[in-house]
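Have a look at the structure below, then the notes.
The values are calculated or read from the model by the stated rules, or taken from the named source; none is laboratory data. What you are looking at is a predicted structure, and each value in this text was computed from that prediction instead of being measured. Neighbour counts run over all protein chains shown; Cβ positions are idealised from the backbone, glycine included. Keep in mind that these areas ignore ligands, DNA and RNA; they rest on the heavy atoms of the full protein, side chains included. Shrake-Rupley method; radii C 1.70, N 1.55, O 1.52, S 1.80 Å.
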Amino acid sequence: MTTFDRREFLKLAGVGGVVFASGLRGVRSASAAIRADHFFFVQLSDTHWGFSGPPNPDAAVTLAKAVASVNALDQQPDFVVFTGDLTHTTDDPQERRARLGQFRDIVSKLRVKTVRFMAGEHDASLDRGEAYREFFGDLHYTFDHKGIHFIVLDNVSDPSGAIGAAQLEWLRADLDHLDREAPIVVLTHRPLFDLAPEWDWATRDGADAVQALLSHEYVTVFYGHIHQEHHHQTGHISHHAAKGLMYPLPAPMSVPKKAPIPWDPAKPYNGLGFRTVAAKSAGTPYALIEWPVTKV
């Protein structure tokens, strides 16, 4: 078995960045991870369109800059996925819909044809996803791409932060139709494990989802919500949080109160970014590269 040649992968990907190989067993060399028989997708998260305040004085253009950064990649991904908190919360249903529409219009400038969405609690918890569904459809769903089964879980439209019994039953039924060695990627907003429940960095019944997934050999979870890169293992399941695109948050329980990290004029966009995930269909590792937001 060979491992990722990180320098070669970064050269293939186009520019420098941080690469992380998410471990799965039984792999070939992944140094050519963006050749024709491979694919990659982009994960963006926590864009919080509609936010304004000192943590990001550039908030009105940050999302557009992120879109431009993705469009500037040397090679375009097979698809883009936004893992929640597309918009910043508002109590006004009319304003919520206005923000969702503005977000949709800005990200329509992405060059890639296929864009997948999911809600965050800022988008969906106040109305159980009613407005979100009007713009982006189902809150949970599945799709398949080049031999990998993708499962989008909703752990935000329930105000208690739960997946819920009905959706868990749907998950188990979906998994029952898959081979135990089928590669699975789960996309969700909150972490499925108890990262920091005091900060709402957990899913009330996430352990039930993880238990259902543990019976499958190759499972990886990509999520958002915590506005920073983070990697975790539950058994053989890897969990990877993405950076946010509006403001970073501190490391779990590192400060008495969770609050956005202040904007640093000397380092604008510090702590913000997006991720490319390179994969091959037959149970290979995923190469994660963290990218900055273009500042121009």
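Here is how the numbers come out for the structure above:
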read-out	value
Considering residues of the range 130-159 that are open to solvent by less than 30 Å² (accessible area, probe 1.4 Å) and β-branched (V, I, T) only, the residue farthest from D174 (Cα to Cα)	V156
Hits in the range 99-129 (condition: assigned to a helix (DSSP H, G or I), of a type in the set (D, E), open to solvent by 20 Å² or more (accessible area, probe 1.4 Å) and in contact (Cβ under 8 Å) with a residue 24 or more places away in the chain)	E121
Conditions (1) within 22 Å of F150 (Cβ to Cβ); (2) touching a helix residue (DSSP H, G or I) at 6+ places or on another chain (Cβ under 9 Å); number of the one not met by G53	(1)
Subset of the range 166-179 (residues that are without any contact (Cβ under 8 Å) to a residue 12 or more places away in the chain and not in a loop (DSSP other than H, G, I, E, B))	A166, E169, A173, D176
D74 being open to solvent by 20 Å² or more (accessible area, probe 1.4 Å), out of contact with any Asp or Glu (no Cβ under 9 Å at 6 or more places or on another chain) and more than 18 Å from S45 (Cβ to Cβ)	yes
Scan of the range 36-48 for residues that are open to solvent by 10 Å² or more (accessible area, probe 1.4 Å) and either in contact (Cβ under 8 Å) with a residue 60 or more places away in the chain or among the acidic types (D, E) (or both), ordered by number	D37, H38, F40
Some residue of the range 35-43 being at pLDDT below 50 and not polar (S, T, N, Q)	yes
Filtered residue count, the range 276-296, keeping only those that are at pLDDT 95 or above, among the polar types (S, T, N, Q) and either farther than 21 Å from H149 by Cα or open to solvent by 20 Å² or more (accessible area, probe 1.4 Å) (or both)	0
Count - residues of the range 242-275 that are charged (D, E, K, R), buried (at least 17 other Cβ atoms within 10 Å of the Cβ) and within 28 Å of I106 (Cα to Cα)	2
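Quick grid of which residues meet (1) more than 19 Å from the chain's Cα centre (by Cα); (2) more than 17 Å from F143 (Cα to Cα); (3) open to solvent by 40 Å² or more (accessible area, probe 1.4 Å):
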| position | (1), (2), (3) |
| --- | --- |
| E169 | yes, yes, yes |
| L175 | yes, no, no |
| A182 | yes, no, no |
| R190 | no, yes, no |
| F193 | no, yes, no |
| L214 | yes, yes, yes |
| T220 | no, no, no |
| H225 | no, yes, no |
